[in-house]
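Participant: If you scroll down you'll find the structure; I have some questions about it.
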Amino acid sequence: MNLYDKTVHELHEQLKKKEISSVELTNALYDRIGAVEDKVAAYVTLDKENALKQAAKVDEMIAAGQDIKPLAGIPGAIKDNISTKGLRTTCSSHILDNFIPVYDAHVIENLRKDETIFLGKTNMDEFAMGSTTKTSYFKMTHNAWNLNRVPGGSSGGSAAAVSAGEAIWALGSDTGGSIRQPASFNGIVGIKPTYGRVSRYGCVAFASSLDQIGPLTRDVTDAALVLNTICGVDAHDSTSLPVDVPDFTKALRQDVKGLRIGLPKEFFGKGTDPKVKEQIMLAAEKYKELGAEVMEVSLPHTEYAVITYYIIAPAEASANLARFDGVRYGYRNKLATSAPEMTKKSRSEGFGAEVKRRIMLGTYVLSSGYYDAYYKKAMQVRTLIKRDFDEVFKKCDVLLTPTSPVVAYSLDEKMDPLTIYMLDVTTIPVNMAGLPGISIPCGFADGMPVGMQLIGKALDEETILRAAYTFEQATEFHKAYAPLGGDK
Amino acid sequence: MKVTEKDVRYIAELSRLEISEEEMPMFTEQFNQILEYADILEKVDTTGIEPTFSILPLYNVMREDEVKPGVSHEEAMKNAPAVHNDGFKVPRVIE
């Protein structure tokens, strides 16, 4: 087995036993990147020099007999909207293509303390707005299962990197499904933690009431290990929750006896690929076999979740992206002769079409005369969506759904924005209610991975981790490797 | 039709964006498609429902007002597109 195909926990044991060195491992990853990156295009920026320096440091620590953390010396990839001091952070946007952060995101600080290794920054939909990674200013990322297909998004580069053996683990961010959907499209594990679990400090804001950072990994154990490092309250983010962070690896037990699993019927609606549904139903059967109690439940406001999201998220984005004015950082049009013209031209040339669409949509729903009809209404419907979950969680412990109604589709697929937005129906409600959700591989349809989503109560990542771990240990899906097939 | 090209032009202006004449029909059509779909929200009775601005049980998080080191002036200027006398340089604002 290749080093680049292993998990964090396997490699940690090998590092501790001195069977491999971190430098050797890091070089193996860059060799793999050298071999497949021209096909996959997962990265925007690589940082080999600093990565190897850090690897040498960890090797010295091990040689000196020091205890090392589980992520120490293990190479990962960071989505390019997470601020890394001294390392270019672009959000895959022209407007930030020369931006070098002067501070680290809170999650990066935590990861550095654990002596981990950053291979580079991964491609994404511009400002995380999209679900294909096709809105990136720089390049299209390809799905490692079939290079003619999308990797999903917006954390498509992070997911493709892990899936293609170009990173052992990765960070993404999830505003409406941007970790879970690409995890499902790439046959890996992805978690969106409870809103407030992870500090958003240094994650370039898209929709502040919805954004959360989380891990993309090869198995559930690795996801728990990354969560252990990135979770926790942070004085720099007043929305990070002042609650204890458990050791998530303690939740990894093979035990779902008596666990009450709800199947929300609205998440299997008419847009669902029957082959995807079939895999989820087989997973439900598996859970029954393993001793869980499975029941159909209803979240009646689900059909309103997508449009509610596409009012709230653009509204927040229109305010957050107002900071890109060409004055203090980012791209500037140098020909403008007045400051207002400079701002307008810089933004118009710096942002791509999807970002412009959402800024304008957000501006519209917040504008005088439309605020009550759209924005306030959406915030009220958000309350109803959350209440649906509160009700359902009186009856069950976790919910099981498809992560996406479809498997990864062709890169050439032409869909209008609304059609693409509708495919977020299974992930968006989770962000609206601030709940934790995990996607894990549960089968295949048309040769592409299918992901199932487990949704938990607020701050109850442990139960979804336990349910995910139990399923994973009882199945083989997480052991399949992306073949880099297709002809791109 | 919910919005016309004129409306889109106005929204673009509020957003500090320029939309070219070639792009205008596309953006207008897409806005209409999305906003017409938003009509389904009229089916939901939200009388007396409080809006959810934040999902968290937090309100006005306070901390001690202590002086702590921040980003230095030099660092803050590092990504500036144009600098003059240690400040951000922009084209003339007032004629």
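The values are calculated or read from the model by the stated rules, or taken from the named source; none is laboratory data. Note that the structure is a prediction, hence the values are computed from the model and not measured. A quick note on method: Cβ atoms are made from the backbone with ideal geometry, for glycine too, and the neighbour counts reach across all protein chains shown.
Participant: Of all residues in the stretch A:373-410, which are of a type outside the set (Lys, Arg) and without any contact (Cβ under 8 Å) to a residue 60 or more places away in the chain? Outline the logic, then answer.
Facilitator: Of the stretch A:373-410, the ones of a type outside the set (Lys, Arg) are A:373-375, A:378-381, A:383-385, A:388-393, A:396-410.
Within the stretch A:373-410, A:Ala373, A:Gln380, A:Thr383, A:Asp390, A:Glu391 qualify.
Participant: Any idea which residue in the stretch B:73-95 is surrounded by the most Cβ atoms within 10 Å (Cβ to Cβ), counting only those that are part of a loop (DSSP other than H, G, I, E, B) and of a type in the set (A, V, I, L, M, F, W, C)?
Facilitator: B:Val90
Participant: Mind telling me which of the residues B:Leu41, B:Leu17 ends up being modelled with pLDDT of 95 or more, outside any loop (DSSP other than H, G, I, E, B) and either within 7 Å of another protein chain (Cβ to nearest Cβ) or on the phi > 0 side of the Ramachandran plot (or both)?
Facilitator: B:Leu41
Participant: Among the residues of the stretch A:325-369 satisfying the criterion of being more than 9 Å from chain B (Cβ to nearest Cβ) and in a loop (DSSP other than H, G, I, E, B), which is farthest from the chain's Cα centre (by Cα)?
Facilitator: Among those that are more than 9 Å from chain B (Cβ to nearest Cβ) and in a loop (DSSP other than H, G, I, E, B), it is A:Leu335.
Participant: Based on what the data block shows, is A:Gly350 at pLDDT 95 or above, touching a Phe, Trp or Tyr at 6+ places or on another chain (Cβ under 9 Å), buried (at least 16 other Cβ atoms within 10 Å of the Cβ) and small (Gly, Ala, Ser)?
Facilitator: In short, yes.
Participant: Now for a separate question. For a quick check of your reading: which helices (runs of 4 or more DSSP H) sit entirely within the stretch A:410-481 and have at least 3 residues that are more than 25 Å from B:Pro57 (Cα to Cα), away from every other protein chain (no Cβ under 14 Å) and not small (Gly, Ala, Ser)?
Facilitator: The qualifying helices (runs of 4 or more DSSP H) are A:461-474.
Participant: Given (1) more than 7 Å from chain B (Cβ to nearest Cβ); (2) within 30 Å of B:Asn79 (Cα to Cα); (3) aliphatic (A, V, I, L, M); (4) part of a helix (DSSP H, G or I), identify the lone condition not met by A:Val392.
Facilitator: Going through (1) more than 7 Å from chain B (Cβ to nearest Cβ); (2) within 30 Å of B:Asn79 (Cα to Cα); (3) aliphatic (A, V, I, L, M); (4) part of a helix (DSSP H, G or I) one by one, A:Val392 breaks only (2).
Participant: A further question follows. Suppose we filter the stretch A:411-426 for residues that are over 15 Å from A:Thr175 (Cα atoms), of a type in the set (Asp, Glu) and in contact (Cβ under 8 Å) with a residue 40 or more places away in the chain; how many remain?
Facilitator: So the answer is 2.
Participant: Go through the stretch A:153-177 residue by residue and tally those that are more than 11 Å from A:Ala41 (Cα to Cα) and over 10 Å from the mean Cα position of the chain (by Cα). Before you say what the answer is, go through the steps one by one.
Facilitator: Taking the stretch A:153-177 and keeping what is more than 11 Å from A:Ala41 (Cα to Cα), we get A:153-155, A:159, A:162-163, A:165, A:167-177.
Add one more test, that the residue is over 10 Å from the mean Cα position of the chain (by Cα), and what stays is A:162-163, A:165, A:167-169.
Residues meeting the conditions: 6.
Participant: Now for a separate question. State whether one or more residues within the stretch A:427-439 are surrounded by 19 or more Cβ atoms within 10 Å (Cβ to Cβ), over 20 Å from A:Ser173 (Cβ atoms) and touching a helix residue (DSSP H, G or I) at 6+ places or on another chain (Cβ under 9 Å).
Facilitator: No, that holds for no residue.
To keep it simple, each residue is scored yes or no on (1) touching a helix residue (DSSP H, G or I) at 6+ places or on another chain (Cβ under 9 Å); (2) within 14 Å of another protein chain (Cβ to nearest Cβ); (3) part of a loop (DSSP other than H, G, I, E, B).
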{"site": "A:Asp222", "(1), (2), (3)": "yes, no, no"}
{"site": "A:Asn228", "(1), (2), (3)": "yes, no, no"}
{"site": "A:Thr239", "(1), (2), (3)": "no, yes, yes"}
{"site": "A:Lys250", "(1), (2), (3)": "yes, no, no"}
{"site": "A:Arg253", "(1), (2), (3)": "yes, no, yes"}
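Participant: Now, a different point. Within the stretch A:32-44, is even one residue of a type in the set (Asp, Glu) and in contact with a Phe, Trp or Tyr (Cβ under 7 Å, 6 or more places away or on another chain)?
Facilitator: Within the stretch A:32-44, one or more residues are of a type in the set (Asp, Glu) and in contact with a Phe, Trp or Tyr (Cβ under 7 Å, 6 or more places away or on another chain).
Participant: I've got another one for you. Out of the stretch A:255-276, which residues are touching a residue at least 40 places away in the same chain (Cβ under 8 Å), in a helix (DSSP H, G or I) and surrounded by fewer than 18 Cβ atoms within 10 Å (Cβ to Cβ)? Steps first, answer last, please.
Facilitator: Here is the first cut: in the stretch A:255-276, the ones touching a residue at least 40 places away in the same chain (Cβ under 8 Å) are A:255-256, A:259-264, A:267-269, A:271-273, A:275-276.
The next check asks that each one be in a helix (DSSP H, G or I); those that pass are A:267-268, A:275-276.
Of everything in the stretch A:255-276, just one residue is touching a residue at least 40 places away in the same chain (Cβ under 8 Å), in a helix (DSSP H, G or I) and surrounded by fewer than 18 Cβ atoms within 10 Å (Cβ to Cβ), namely A:Lys275.
Participant: Now for a different question. With the condition kept exactly as written, say whether any residue in the stretch B:72-95 is at the interface with another protein chain (Cβ under 9 Å from one of its Cβ atoms), of a type in the set (Asp, Glu) and under 22 Å from the mean Cα position of the chain (by Cα).
Facilitator: Scanning the stretch B:72-95 turns up no residue that is at the interface with another protein chain (Cβ under 9 Å from one of its Cβ atoms), of a type in the set (Asp, Glu) and under 22 Å from the mean Cα position of the chain (by Cα).
Participant: Then there's this: Just one of the numbered conditions (1) more than 28 Å from A:Val355 (Cβ to Cβ); (2) more than 7 Å from chain A (Cβ to nearest Cβ) is not true of B:Glu29; which one?
Facilitator: With respect to (1) more than 28 Å from A:Val355 (Cβ to Cβ); (2) more than 7 Å from chain A (Cβ to nearest Cβ), B:Glu29 is out only on (1).
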